[in-house]
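Accompanying notes for the structure given below.
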Amino acid sequence: MDFDLPEEMSALREMTRRFCAEEIGPHAREWDRTGEIPMDTIKKMGELGFMGTLAPADLDGAELGYLGNAIVMEEFARQCGGTALMLAAHNGLCQGHLLVAANDEQKKKYLPALARGEMIGSWCLTEPSSGSDAAALKTRAELRGDEWVINGSKMFITNGDRAGLFIVTARTSDESKTKGISAFIVERDTPGLSTGIKEDKMGMRASDTVPVNFENVKIPRENLCGELNMGFIDTLKVLERGRIAIGSLSVGLARGAMEEAVAYAKEREQFGKPIIQHQMLQFMLADMATQIDAARLLCRKAALLQDSGQSSEIESAMCKLFASEIATKACLDAIQICGGYGYTKDMPMERLMRDAKLCEIGEGSSQVQRLVIARKLLDLRKGA
Ligand SMILES: Cc1cc2nc3c(=O)[nH]c(=O)nc-3n(C[C@H](O)[C@H](O)[C@H](O)COP(=O)(O)OP(=O)(O)OC[C@H]3O[C@@H](n4cnc5c(N)ncnc54)[C@H](O)[C@@H]3O)c2cc1C
């Protein structure tokens with residue numbers, strides 16, 4: 001058992017850290033305000049492989065595996081949560097679904113442009129009336145001749161405003177709730193597909209979140225992604241992997257809050273000494289450091305399970321649950337350490353805190369993660 005990163009992963013972390021410090025961090029406050037990551041930056045990210053972290057090398061991906069993806073997510077989130085969330089939806093959800101379920105022809109057709117960052121991907125599961133209970137979705141797809149016709153509405157779709165490709169789940173049978181859903185590949189310019197105005201969100205503002213509507217959207221029969229009626233089963237696999245990315249994103253936000261708080265506390269003096277010398281603040285930072293390390297280890301355990309071809313259902317739920325909750329706490333404590341200055345937009349903690357809160361909600365809320373973990377424990381007990 002070795003807790004050191006392999007050499008190529010350390011090099012990836014250093015390269016990503018440098019890129020994010022130079023190209024992402026200095027703009028994070030501005031993108032939080034404007035709600036947009038410039039396309040020039042996305043192009044640079046594509047050139048360095050960040051837009052294709054999981055896609056195979058022979059399809060222009062960086063093929064970094066789940067550990068590599070976790071490292072990239074932490075480093076991006078350290079500087080800008082919204083940019084990291086854009087990547088999570090593009091790499092983990094959109095390309096992730098193609099990797100789990102698409103046939104070779106579909107992968108060859110769509111993955112290279114996504115992996116090079118020439119096209120942004122989105123993943124449409126959530127609907128206005130189905131979030132945690134995702135299998136209750138109402139969007140329908142009917143086969144008419146050689147075309148699927150999709151009707152319905154999706155909600156809270158990351159990257160939807162600029163996506164060139166949408167992976168869409170829709171009901172294709174009423175015989176079973178979970179085994180009556182299929183996934184489809186829908187290109188942006190398909191008539192009948194429209195996106196609504198961007199949500200005015202509390203955090204993760206650099207990434208866009210929009211409703212996506214489908215009105216008699218006709219796509220070729222071969223754009224079914226995966227087996228008919230098995231789209232929800234594939235969705236669970238996508239989420240199992242995606243939660244490692246959200247856990248790692250949370251670790252990056254928490255680390256950002258801690259590093260900024262330490263730097264400030266070394267400079268700020270009260271009662272004749274730097275505030276970091278007050279033991280009560282030291283204890284807050286010690287708790288933060290311990291929780292961040294524990295969260296990162298949980299994420300890496302889940303990532304290594306995936307990289308070795310094993311299931312990480314419970315580990316993915318645990319890392320996302322723990323990392324997202326400690327991230328919100330770390331950000332709040334970092335604000336506390338910085339006092340009134342930490343409460344202003346001049347310091348990054350309030351943005352990090354707004355970003356962190358999303359991680360307790362998206363890709364399955366904390367309550368849903370606890371359900372997943374508890375369900376698994378009950379199964380284990382039944383088997384024992
Ligand atoms: C910024 C952002 C980006 C997103 N990006 C995407 C995306 O790209 N693609 C996509 O498909 N979706 C996306 N989502 C949707 C996200 O996955 C859902 O918001 C999330 O799954 C929760 O669903 P909901 O918002 O409908 O809340 P609800 O399901 O209505 O839940 C409300 C509350 O009830 C609790 N709850 C629900 N069921 C239970 C239960 N059984 N036991 C205990 N408590 C329960 C929840 O934990 C929560 O606290 C995004 C959301 C946001 C905010």
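Points worth noting:
- With a cut-off of 11 Å between beta carbons, the residues surrounding residue 197 carry a summed charge of -3, where Lys and Arg count +1 and Asp and Glu -1.
- DSSP beta bridges confined to the chain are antiparallel in about 85 percent of cases.
- Label-point separation, residue 108 to residue 222 (7 Å along Cα→Cβ), nm: 1.0
- If the chain linking residue 146 and residue 41 were pulled fully straight, counting 0.36 nm for each residue of separation and taking away their Cα-Cα distance, it would gain 33.8 nm.
- If R0 is taken as 56 Å, the Cβ-Cβ distance between residue 293 and residue 179 corresponds to a FRET efficiency of 0.85.
- The stretch 184-200 and the stretch 44-80: distance between their alpha carbon centers, rounded to Å: 25
- Shown in residue order for the stretch 194-209 are the 3J(HN,Hα) couplings computed by the Karplus curve 6.51 cos²θ - 1.76 cosθ + 1.60 at θ = phi - 60°: 9, 10, x, 6, 5, 5, 8, 7, 5, x, 6, 6, 5, 9, 8, 9 Hz (x for Gly and Pro).
- Whole-percent P(r), the stretch 232-383, all Cα pairs, 10 Å bins from 0: 12, 36, 28, 16, 7, 1, 0.
- The residues of the chain expose, per residue, 45 Å² of accessible area to a 1.4 Å probe.
- Three-way shape label, the stretch 185-320, alpha-carbon gyration tensor, a/c 1.5: oblate
- Per residue, the convex hull around the alpha carbon atoms of the stretch 122-229 comes to 95 Å³.
- Listed peptides 272-281, 85-94, 134-143, 235-244 appear in the order 85-94, 235-244, 134-143, 272-281 once ranked by packing, highest mean of other Cβ atoms within 10 Å at the front.
- For residue 357, neighbours were defined as the other residues whose beta-carbon sits under 13 Å from its Cβ, and their charges (Lys and Arg +1, Asp and Glu -1) total +1.
- Multiplying the residue separation of residue 370 and residue 29 by 0.36 nm and removing their Cα-Cα distance gives an extension gain of 119.4 nm.
- The magnitude of the dipole of the stretch 122-229, with charges of +1 and -1 set on the Cβ of Lys/Arg and Asp/Glu and taken from the Cα centre, is near 180 debye.
- Cβ charges +1 (Lys, Arg) and -1 (Asp, Glu), total dipole of the chain, debye: 880
- Cα-projected label distance for residue 132 with residue 189, points at 7 Å along beta-carbon direction, nm: 4.2
- Ordered from longest to shortest, the equivalent ellipsoid semi-axes for the chain are 36, 22, 20 Å, each the square root of 5 times a Cα gyration tensor eigenvalue.
- Contour excess over end-to-end distance, with Cα ends at residue 282 and residue 200 and 0.36 nm allotted per residue: 25.9 nm
- In this structure, the amide hydrogen of residue 177, modeled 1.01 Å from its nitrogen in the peptide plane, lies closer than 5 angstrom to no residue at least 5 positions away or on a different chain.
- Partnerless Cys - the chain, beta-carbon criterion under 4.7 Å: 20, 80, 94, 124, 225, 331, 338, 359
- Surface composition of the chain: carbon plus sulfur atoms hold 53% of the accessible area, using a 1.4 angstrom probe and ignoring ligands, DNA and RNA.
- Per-peptide average of other Cβ atoms within 10 Å, ordering 106-112, 342-348 highest first: 106-112, 342-348
- Positive contributions from Lys and Arg (+1) and negative ones from Asp and Glu (-1), summed over other residues with Cβ under 14 Å from the Cβ of residue 131, come out at -3.
- Cα-based reach from residue 376 at 17 Å (exclusive), listing aspartates and glutamates while leaving out same-chain residues under 8 positions away: 240, 313, 315
- Ordering of 72-84, 23-35, 6-18 by packing [mean C-beta count within 10 Å, highest first]: 72-84, 23-35, 6-18
The values are calculated or read from the model by the stated rules, or taken from the named source; none is laboratory data. Predicted, not measured: the structure shown is a model, and the values here were computed from it. Every residue, glycine as well, gets a Cβ built from its backbone with ideal geometry; the counts of neighbours run over all protein chains shown. These accessible areas exclude ligands, DNA and RNA; they are computed on the full protein's heavy atoms, side chains included. Shrake-Rupley method; radii C 1.70, N 1.55, O 1.52, S 1.80 Å.
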